[in-house]
Amino acid sequence: MANPTPTPSRSTTRVRVLAAAACAVAVAVVGLVLFGGGGDGAADATRPGDTPQGVSKAGAMLTGIPQDGIALGDPDAPVTLVEFADLQCPFCRDFALQMLPLIVRDYVRTGSVRLEFQTLAFLGPDSERAARAVAGAAAHDRLWHLTDLFYFNQGQENSGYATDAFLDGLVAAIPGVDAAAVRRDGATPAADRLLADAKALAARHGIDSTPSFLIGRTGSAERRVLAGVEDYDALRDQLDALAAR
């Protein structure tokens, strides 16, 4: 789950998350914790002017897959998997770099699963600036490119690394997107609504930690929070069971 300190501790995560939610917008519980390497804090972020890491990998994973705002994949896919994430969360980074490519390969490209990304920002100012950039990228149907590049270049939590220059550099590495336009669209009322809707949806389902997930049949109001899933095979079982219904 998201960790509010550079050295992750799942017990302190919940305390900090709840404290932040009380001060800002109360979001509420259980997340899908996905374990893997890299939970000890990220390396220094890409500096302005540097070529971002992960450009070729993000492109290879996403090329040819339709994006629409926060969504990735066929809108008629039988299953929708909704992720709640804070861009600074090291566990969200683990999921994005280790498990997400498998889901995209096996389920999104085949038209079985549609993904949605709900952006939360409870870890601090860098999270808030990143969330704004993501909202701007959603307006250009390139949210998934930006989130993946952000995770590849994630810096030390709340070190001030998520500057306009840093975020512009990530956006500039995405083909066909203008960084200035993304920054402008991240400061609009539409972006405000997108981020507010994510908080409200998290609160409605009792989600207060990241990464957390909702899974259900596409178009159905019946969704459940995934909890206790620690490996890809366990997640596949749930996706396959829903797709077969």
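Restricting attention to region 206-224, the residues being farther than 18 Å from ARG114 by Cβ and surrounded by 15 or more Cβ atoms within 10 Å (Cβ to Cβ) number 4.
Within region 106-130, if we keep just the residues that are in contact (Cβ under 8 Å) with a residue 12 or more places away in the chain, more than 20 Å from ALA200 (Cβ to Cβ) and in a loop (DSSP other than H, G, I, E, B), the residue that is nearest to the chain's Cα centre (by Cα) turns out to be GLY124. Take the residues in region 160-193 that are hydroxyl-bearing (Ser, Thr, Tyr) and more than 16 Å from GLY69 (Cβ to Cβ); name whichever of them is surrounded by the most Cβ atoms within 10 Å (Cβ to Cβ). Result: TYR161. The listed residues are ALA139, ALA133, and the only one of them that is buried (at least 21 other Cβ atoms within 10 Å of the Cβ) and touching a residue at least 12 places away in the same chain (Cβ under 8 Å) turns out to be ALA133.
If you filter region 50-104 down to residues that are charged (D, E, K, R) and within 21 Å of ALA130 (Cα to Cα), you find that the one that is surrounded by the most Cβ atoms within 10 Å (Cβ to Cβ) is ASP86. For beta carbons closer than 7 Å, sequence separation of 6+ or different chains, a first residue in region 152-168 that is on the phi > 0 side of the Ramachandran plot and a second that is crowded, with 23+ Cβ neighbours inside 10 Å and not hydroxyl-bearing (Ser, Thr, Tyr), the qualifying pairs are ASN158/LEU123; ASN158/ASP126; GLY160/ASP126. Residues that are part of a helix (DSSP H, G or I), among the aromatic types (Phe, Trp, Tyr) and modelled with pLDDT of 95 or more are absent from region 89-105.
The values are calculated or read from the model by the stated rules, or taken from the named source; none is laboratory data. What you see is a predicted model; the values in this text were computed from it and never measured. Positions of Cβ are generated from backbone atoms using ideal geometry, with glycine treated the same way; all protein chains shown enter the neighbour counts.
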